[in-house]
């Protein structure tokens, strides 16, 4: 019984995982701004903007008379390849691009190391991209193997290229929530699913 | 071993790796990839081995000249029904992995992209 009381009180560690530039930080920022008024990190169009784990502790979310306290953990995007020349194409100078690439590789390693620490994970995918990438499958496969509850979010549904049906078809086992973290579209639906997710923890 | 105009594909049978530890499997695969060869592995790695492979790959990017990482894809039976049908068809099967399916791993400097959808996998090579 005492154990139950402590479990109820504890902060739930909620991780944001996914490929680079899917909108993990944008979503984490949206949640943080909604409930604390502050942001968790900087977003950018250049991939691998988040290169270190970043947290926001004691984020209390009140939704339909339910209350949960989270530790939000925003992780660097997981990739199998990082080429500093890709950053040159984004307008970075050579030295800056090389530094970013080096930090990004460390970020991927760090993200994977943190998998075991999560109580629940939101996998953020870009709804405009092909969902059948091995990185997505590897992330979810690892969460399943570790018995960590997963919520799949398809971000950027405000864009014309977004294809929710394709994302849903790729993950028939999961409920997929289409959102736009940038504009706050379907955020209510996201919170609804988030509270359903935490029941599985 | 197959050679097509400078491109080398190395097939690894399941029996070649089945008795190796996870770390040795990854080392074997990456050693071949670092020779600029594409590996086609019979079977699949465990989910945790896949992440270890990504971690080891990232540790090598920057340390080894011109190594930019890998392109990776796993083809599994029944994949056309959806990526996660294997989880639905049985978690034990999903986690056990084993010899079913094929794993393709190539150096990112040679393999530009592995395009996949439910019914096909295409290897796009760099010119």
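The values are calculated or read from the model by the stated rules, or taken from the named source; none is laboratory data. Quick caveat, the model's predicted, so the values are computed rather than measured. Positions of Cβ are backbone-derived with ideal geometry, glycine not excepted, and every protein chain shown enters the neighbour counts.
Observations on the structure shown:
- Residue count for the stretch B:56-97, restricted to those that are part of a helix (DSSP H, G or I) and either under 23 Å from residue A:168 (Cα atoms) or modelled with pLDDT under 95 (or both): 13
- Residues of the stretch A:43-72 satisfying the condition of being surrounded by 16 or more Cβ atoms within 10 Å (Cβ to Cβ), touching a helix residue (DSSP H, G or I) at 6+ places or on another chain (Cβ under 7 Å) and in a strand (DSSP E or B): A:56, A:59, A:61, A:68, A:72
- Taking the numbered list (1) at the interface with chain A (Cβ under 7 Å from one of its Cβ atoms); (2) surrounded by 19 or more Cβ atoms within 10 Å (Cβ to Cβ); (3) in a helix (DSSP H, G or I); (4) modelled with pLDDT of 75 or more in turn, residue B:53 passes all entries but (1).
- Residue satisfying all of: in the stretch B:6-45; touching a residue at least 40 places away in the same chain (Cβ under 8 Å) and in a loop (DSSP other than H, G, I, E, B); surrounded by the fewest Cβ atoms within 10 Å (Cβ to Cβ) among these: B:34
- Listed here are the strands (runs of 3 or more DSSP E) enclosed by the stretch A:79-189 that have at least 2 residues being touching a residue at least 60 places away in the same chain (Cβ under 8 Å) and buried (at least 20 other Cβ atoms within 10 Å of the Cβ): A:120-126, A:150-155.
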